[in-house]
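The values are calculated or read from the model by the stated rules, or taken from the named source; none is laboratory data. Quick caveat, the model's predicted, so the values are computed rather than measured. We place every Cβ from the backbone using ideal geometry, glycine too, and count neighbours over all the protein chains shown. Note: accessible area is taken over every heavy atom of the protein model, side chains too, but ligands, DNA and RNA are not part of it. Shrake-Rupley method; radii C 1.70, N 1.55, O 1.52, S 1.80 Å.
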Amino acid sequence: MKIDEKVEPIYKEVLDRNPGEVEFHQAVREVLESLGPVLVKHPEFADHKIIERICEPERQIIFRVPWVDDSGTVQINRGFRVEFNSALGPYKGGMRFHPSVYLGIIKFLGFEQIFKNALTGLPIGGGKGGSDFDPKGKSDDEVMRFCQSFMTELYRHIGENTDVPAGDIGVGGREIGYLFGQYKRITNRWEAGVLTGKGLDWGGSLVRTEATGYGATFFVDEMLKVRNDSFEGKKCVVSGSGNVSIYTIEKIAQLGGTTVACSDSNGYIYDEKGIDLELVKQIKEVERRRIKVYAETYKHAKYISGGNIWDVPCQVAMPSATQNEINGKDAEKLVQNGCIAVGEGANMPTTPEGIKVFLDAKIAYGPGKAANAGGVATSALEMQQNACRDSWTFDYTEKRLQDIMKNIHATCYETADEYGAPGNYVTGANIAGFIKAANAMVAFGVI
Ligand code: NDP
Ligand code: 2IT
């Protein structure tokens, strides 16, 4: 898509000021493509240079993370926290531990988080962090020492009213435990609201573990309802086999669909009888092994090493692994094979070429910043519970999550209509998220 001529110079400046950060450029471009019509209705946003300001992080922290591995060798990683925008609340967003992490990845994620968090309707700003640390093959002790070193620097930048990190790729309950323990020790504060995704015995919220996958599935369910359709009897493909993927597969099954394939970065499993989720949980959550182990238990299932999961025909596709995992060709294949809905559990999993294919085909396409907002929304519910030292039941919390996802869907749908792009959830999500943060920035003056 073309960028409006008033917005084009802003995008050029982002390219010049952030050389080499290709994922950040991609995320900015996708939002800026939607904003031309917003400036027509809201000239005050141009007067106050809101787009220019929102593209510049409020604060970017990069730090050394030294730690000692099990053989006694000193290792050095790089840590990041990008505090992107605090117009709507404390910086909020996950931390990613993956060898591919560099500033451009954290900035793309932090930028998207501003609009996602605005869409939840809850008081949270946008931020993201992480490290190029690779948790694969590391012992629990190594992960602990790394997390302790990481927090020994990070603690001075975060706080329940300042910046509240959580999990993302490579960061789950185990890592949040080590990070929280070190924060508590250094600060001498039992400050539950400083991190989310905590264990249930020490300030965590029920449903947070399930929230991103459940939320993404609720979002797709809403998109299907608009088309007088449902998950009942649908064949689904869910990439990844981590936190988001597992609880997407679980909710799809509860809503009557069948997931026939899931993956990790080495290959994918195809099980025409439907993925046995208890086995996946055992392999991934308990044993921390590779997904290919699934085919050792079920001889009828196929493991395709190095294969492309989007070759598997399905009616609903839910990319839940990583950025740019669906390119233009994959998108064409999905549409040709009869896919009618795509819900992004992952952040920016579809390339711009892929998005164009989905939009041109007019299938139901739910972009990540809307569809996967259930995770961070439930983090905000965890913060609410921490603030009043309360803990809610599973059913109540899940109902809150479902209502939030319904609201996000309605907001995106109605905003797309209002701006002359009916059915385009990309336009709807970008504009609705942007306007909310922009209004607050105008109110605050030039800061
Ligand atoms: P996990 O670490 O639990 O799982 C990640 C899964 O994706 C693994 O199966 C992993 O395979 C696969 N994967 C990761 N990187 C790559 C890669 N470069 N190429 C191929 N496969 C890859 O992470 P989550 O499930 O938490 O996160 C998945 C996605 O969802 C991410 O995009 C994340 O940003 C997004 N997300 C997460 C939220 C959350 O609450 N956790 C909230 C909103 C979005 P392998 O083990 O082989 O690396
Ligand atoms: O991308 C995301 O929204 C997350 N990884 C969850 C962030 C959070 O603060 O719960």
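What shape does the chain have by the C-alpha gyration tensor, where a ≥ b ≥ c are the square roots of the eigenvalues, rounded means a/c under 1.5, and otherwise prolate means a/b greater than b/c and oblate the rest? Rounded is the answer for the chain, as its axis ratio a/c remains below 1.5.
Distance between the 7 Å Cα→Cβ label points at Glu44 and Ser305: 6.1 nm.
Nothing charged except the Cβ atoms of Lys and Arg (+1) and of Asp and Glu (-1): what's the magnitude of the dipole of the range 1-112 about its Cα centre? Round to the nearest 20 debye.
Working: 15 positive and 18 negative charges, 48 e Å.
My answer is approximately 220 debye.
Beta bridges from DSSP with both residues in the range 84-180: antiparallel share about 25 percent, rounded to the nearest 5. How would the range 290-435 be classified by its alpha-carbon gyration tensor: rounded, prolate or oblate, with rounded meaning a/c under 1.5 and the a/b versus b/c comparison settling the rest? Cα axes put the range 290-435 in the oblate bin.
Can you flag which of Lys92/Lys184; Lys198/Lys284; Lys136/Lys369; Lys198/Lys399; Lys49/Lys436 are past 22 Å Cα-Cα? If you can, show how the numbers build up before the last one.
Values: Lys92/Lys184 19 Å; Lys198/Lys284 19 Å; Lys136/Lys369 27 Å; Lys198/Lys399 20 Å; Lys49/Lys436 15 Å.
Table pairs above 22 Å Cα-Cα are Lys136/Lys369.
Solvent-accessible area of the range 299-373 (1.4 angstrom probe, protein heavy atoms only): carbon and sulfur portion equals 52 percent.
Considering the dipole of the range 146-265 built from charges on the beta carbon (Lys and Arg +1, Asp and Glu -1) around the Cα centre, which of Phe219, Gly233, Ser265 is farthest to its positive end? The one lying farthest along the dipole's positive direction is Ser265.
The mean accessible area for residues of the range 92-239, using a 1.4 Å probe and ignoring ligands and nucleic acids, is 33 Å² per residue. Estimated at the nearest 10 Å², the accessible area of His409 is 10 Å² with a 1.4 Å probe.
Rg and Dmax, both from the Cα atoms of the range 147-218 and both in Å, are 12.4, 40.
Anything over 23 Å Cα to Cα? Flag those among Lys12/Lys362; Lys302/Lys333; Lys251/Lys281; Lys281/Lys333, in the order listed. Spell out each step's value before the answer.
On the way: Lys12/Lys362 30 Å; Lys302/Lys333 20 Å; Lys251/Lys281 14 Å; Lys281/Lys333 29 Å.
Over 23 Å Cα-Cα: Lys12/Lys362; Lys281/Lys333.
With the charge dipole of the chain set up from +1 on Lys and Arg Cβ and -1 on Asp and Glu Cβ about the Cα centre, the Cα lying farthest toward the positive end among the listed residues Gly127, Gly204, Pro37 is that of Gly204.
Considering only the Cα atoms of the range 222-378, their convex hull presents on average a projected area of 8.7 nm².
Give me the percent of the accessible area of the range 1-41 that comes from carbon and sulfur atoms, probe 1.4 Å, all protein chains in place. Working shown, then result.
Details: 1180 of 2170 Å².
Whole-percent figure for carbon plus sulfur exposure: 54.
Judged by the ratio a/c of the largest to the smallest principal axis of the C-alpha gyration tensor, the range 104-198 counts as oblate, that ratio being 1.5 or greater while a/b is no larger than b/c. Give a quick list of GluC sites (Glu not before Pro) in the range 1-50 that DSSP marks as loop, anything other than H, G, I, E or B, with at most 13 other Cβ atoms within 10 Å. Qualifying residues, ordered by number: Glu5.
For Lys292, which aspartates and glutamates qualify as cross-link partners when the Cα separation must be under 13 Å and same-chain residues fewer than eight apart are set aside? Leaving aside aspartates and glutamates fewer than 8 places away in the same chain, those within reach of Lys292 are Asp264, Asp271.
Over the range 1-72, accessible surface divided per residue gives 54 Å², non-protein components excluded, 1.4 Å probe.
Protein heavy-atom surface of the range 183-238, 1.4 angstrom probe: 42% of the accessible area is carbon and sulfur, with nucleic acids and ligands not counted.
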